[in-house]
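Readers should treat all values here as calculations from the given coordinates under stated rules, not as data from a laboratory. Owing to the predicted nature of the structure, the values given are computational and were not obtained by experimental measurement. Note that we place each Cβ from the backbone using ideal geometry, even for glycine, and neighbour counts take in every protein chain shown.
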Protein chains: 2
Amino acid sequence: MNLKELAALLGLSQTTVSRALNDYPEVSEITRRRVKAAARKNNYRPNARAIGLATGRTLCIGHVIPISTRHEIVNPIFADFIAGAGEVYSRNDYDMLLSVVADDDEERVYRDLASRQSVDGVIIHGPRENDPRVALLQDVGLPFVVHGRTGTGPTSYNWVDVNNRRAFERATDLLLDLGHRRIALVNGLENMDFAIRRREGFVAALEKRGVAPDPALMQSEEMTEFYGYRAARQMLEAHNPPTAFLISSMITAIGVRRAVSERDLKLGRDISAVIHDDELSYLRNGEDVPIFSATRSSVRQAGQLCAEMLLEIIRNPEAEVRYRLLEAELTLGMSTGPAPSAARA
Amino acid sequence: MNLKELAALLGLSQTTVSRALNDYPEVSEITRRRVKAAARKNNYRPNARAIGLATGRTLCIGHVIPISTRHEIVNPIFADFIAGAGEVYSRNDYDMLLSVVADDDEERVYRDLASRQSVDGVIIHGPRENDPRVALLQDVGLPFVVHGRTGTGPTSYNWVDVNNRRAFERATDLLLDLGHRRIALVNGLENMDFAIRRREGFVAALEKRGVAPDPALMQSEEMTEFYGYRAARQMLEAHNPPTAFLISSMITAIGVRRAVSERDLKLGRDISAVIHDDELSYLRNGEDVPIFSATRSSVRQAGQLCAEMLLEIIRNPEAEVRYRLLEAELTLGMSTGPAPSAARA
DNA sequence: AGCACCATCCAAAGCGCTTTGGACTTCTCA
DNA sequence: TGAGAAGTCCAAAGCGCTTTGGATGGTGCT
């Protein structure tokens, strides 16, 4: 059933039927009702592509998710982010177009999205240090929102980000307050913007207290469980092991915990850990008492905020640059305690 | 730059330019080269929607991912499945349309997808017992592939599934062979088809050896970490605790492990566990030696197979029903050992 | 009565592509 | 040499919608 058929069936023109359905004023209330009833009854839904062609809008948002070519890893936070964004799209009758793409030909995909006019806008995931995608999208004129930030100084684009620097600075402060001096940073890949900011916060907190950051206690990798395990195991085996870990993700923290308990140590007693918790839906940080002390910020909510921001930008293209900096909560769980040496003192 | 402009620029008709670009034979090799060169130079890409309108095909596949309304949980295997399917789509110049939708109005979304002609086909995720979506899609005539199965007996639709029943039967056999008699099943939600088949395999193996399944040792829930923790903790506290666990997912198993080590027990020594491992990219089951003994089947590969099957079906709609039953590997890791009682004997 | 003014509807153009049905040239072979 | 066959190109229709620019008839007012 298409517009033409529906119009014929009603004895009306396509114009009138179209206007009735789209709530234009120049059609009487009585025909509008008649048209809408017939549309419902005949299960009429306008062809999405035809609307797109006629209006120039697609009602579709693109998400390009890079797959690390080195490790073939999908970011685990991705599912929850998408869930948040997806809700917003559904509510606003938008669709979501997903491209999974090896991270070495991302550029081509973005250009295609723009020139083929498949989407009205895109979300940039996982921005890296000085990410070229920002300039690229500004160049082709496709509206976008970055989940995260890139580069230093004032930003010329729209973004939603967690205050990673402050979060990790506060987390480090907490561990220092508990008497820890040998604190390990188990960070994400440091070509990622968020990882850089986290390291900066970590280092700043240490230096503020006159503790020299030890390169042997700073690792950065793709945030898998195994990486956490390997990093922790290696550091714990060293001659001057850390007494505390600051860990960039729940998944990696699980690996750290595995290494810790393998040495018959106990988290919160022998070894402390503070993690960053994205509140993954299938991996909640405990129900009543948090398993891990954590800096916490919902990635699902970030997805919602990014989507809402992008839709606003599309509706109102001339508006100022927008941004939203989210502060992470610092919550105490069962994985932190006084440093062994401090207890002795 | 659109076709019309490109044609004008070349002094050719739109027809010829279109045919040259799409490798139709009725255009000379020399003009074809000229056209393609100009297209590349001017960065011309055909408008996706216009092609869709003209051809009736969208070159787009829909994925509807349900979000449990009860717990707002996104299935963690989803990201890797999508990654596998996405690769296949990219290679074949297809796009992927994602709808995240509360599981109570899935039907409307599928109907919309069909009647608005947004996609050429869909993948059904997470089929439940007697899933109504199969009949729905057959009714509206939208090509589809089910990741999993639904109902019993011969199937009238296309699917890709793991042999869940056999996998869990073999896993149970392994635990029985090791002398375990009190075996707990920590299963997924039992309105899901896969969970039903797993329970059947588990029960069949027990009964084959004359062990009566104990309802107190069978739980089923959404597969989160916390569920695994809670279930294991509760069972271990009971007066007649299990000596082994059979666990439906890696995530849940991590929760079980947490409960086990909280009681100062050790996996593989005091308590055995066999899990089902979907080979999530960020949660590998160890690198050299598997952490958990596991029935293993790559969900990413399943995504590839589903996508490939669907594209074939779309190309060749008249073909027979297709299906693919994958056997899970059973690999021994460090989480299984002889039952304590057997050791005593 | 005559006029302007709404309210309500419609025909047709246009979005950017594919595809049908020729038209015109050049080759090929009896 | 002439007719049919290729080879090469084009004009125009059509996909299903929105939107522009009227047309028509009824209403209110002087």
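Observations
- Built amide H within the under 5 Å cut-off of residue A:67, gap 5+: A:101, A:102, A:103
- The distance linking the range B:56-135 with the range A:193-208 is 40 Å (Cα centroid to Cα centroid, whole angstrom).
- Angle between chain A longest axis and helix A:29-41 axis [Cα atoms, degrees, rounded to 10]: 70
- From phi via Karplus (6.51, -1.76, 1.60), per-residue ³J(HN,Hα) for the range B:199-205 in Hz, x at Gly/Pro: 4, 4, x, 4, 5, 4, 5
- Helical content alone sets the calculated 222 nm signal of chain A at -13000 deg cm²/dmol, taking -39,500 (n - 2.57) per DSSP H segment of four or more residues and averaging over every residue.
- Principal-axis tilt of helix B:106-115 within chain B, Cα atoms, nearest 10 degrees: 20
- DSSP bridge analysis restricted to chain B gives an antiparallel fraction near 10%, rounded to the nearest 5.
- Here the dipole of the protein assembly as shown is about 560 debye; that uses its Cα centre as origin and unit charges on the Cβ of Lys and Arg (positive) and Asp and Glu (negative).
- Copies compared at residue A:340 - label distances in nm, ascending, label defined 7 Å from Cα in the Cβ direction: 2.9
- Dipole magnitude of chain B, debye to nearest 20 (Cβ charges: Lys/Arg +1, Asp/Glu -1, about Cα centre): 780
- Residue B:265/residue A:156 FRET efficiency (R0 51 Å; Cβ-Cβ; nearest 0.05): 0.35
- Dipole in debye (nearest 20) - the range B:1-83, about Cα centre, beta carbon charges: Lys, Arg +1; Asp, Glu -1: 380
- Once the Cα atoms are used to define both axes, helix B:250-262 deviates from the longest principal axis of chain B by about 30 degrees.
- Label points for residue A:91 are taken 7 Å from Cα along Cα→Cβ. From this copy to the others they lie 3.9 nm apart, shortest first.
- Using θ = phi - 60° in the Karplus curve 6.51 cos²θ - 1.76 cosθ + 1.60, the 3J(HN,Hα) couplings for the range B:228-233 round to x, 4, 4, 4, 5, 4 Hz; x is entered for Gly and Pro.
- Take each residue in B:262-269, count the other chain C-beta atoms within 10 Å of its C-beta, and the mean is 1.
- Compactness ratio for the protein assembly as shown: Cα radius of gyration over 2.2 N^0.38 Å (N = residue count) comes to 1.05.
- Lysine pairs in the protein assembly as shown with Cα atoms under 17 Å, if 8 or more residues apart or on separate chains: 5
- Listed residue (A:261, A:249, A:272) projecting farthest to the positive dipole end of the range A:238-281, Cβ model: A:261
- The tail of the calculated P(r) for the range B:55-208, taken as Cα-Cα distances beyond 21 Å, holds 52 percent of the pairs.
- Amide N of the range B:229-247 lying under 15 Å from the label point, which is placed 7 angstrom from the Cα of residue B:216 along Cα→Cβ: B:232-244
- Spin-label pair residue B:234-residue B:130: with each label point 7 Å from Cα along the Cα-Cβ axis, the two points sit 2.7 nm from one another.
- Of the peptides B:297-309, A:105-117, B:215-227, the order by per-residue mean of other Cβ atoms within 10 Å, starting with the highest, comes out as B:297-309, B:215-227, A:105-117.
- Per-bin percent of Cα-Cα distances, chain A [20 Å]: 27, 45, 21, 7, 0
- Database remark: amide H of residue A:330 closer than 5 angstrom to the amide H of A:296 (H placed geometrically; neighbours at sequence offset of 5 or more, or on other chains; Pro and chain starts carry no H).
- Projecting the Cα atoms of B:84, B:20, B:301 onto the dipole axis of chain B, where Lys and Arg carry +1 and Asp and Glu carry -1 at the beta carbon, places B:20 farthest toward the positive end.
- Each copy carries a label point for residue A:24 at 7 Å from Cα toward Cβ; from one copy, the others' points are 3.4 nm away, ordered from shortest.
- The residue list B:289, B:313, B:212 was ranked by how far each Cα lies along the charge dipole of the range B:198-345 toward its positive end, using unit charges on Cβ atoms, and B:212 comes out on top.
- Comparing Cα centroids, the range A:226-251 and the range A:146-178 end up 22 angstrom apart.
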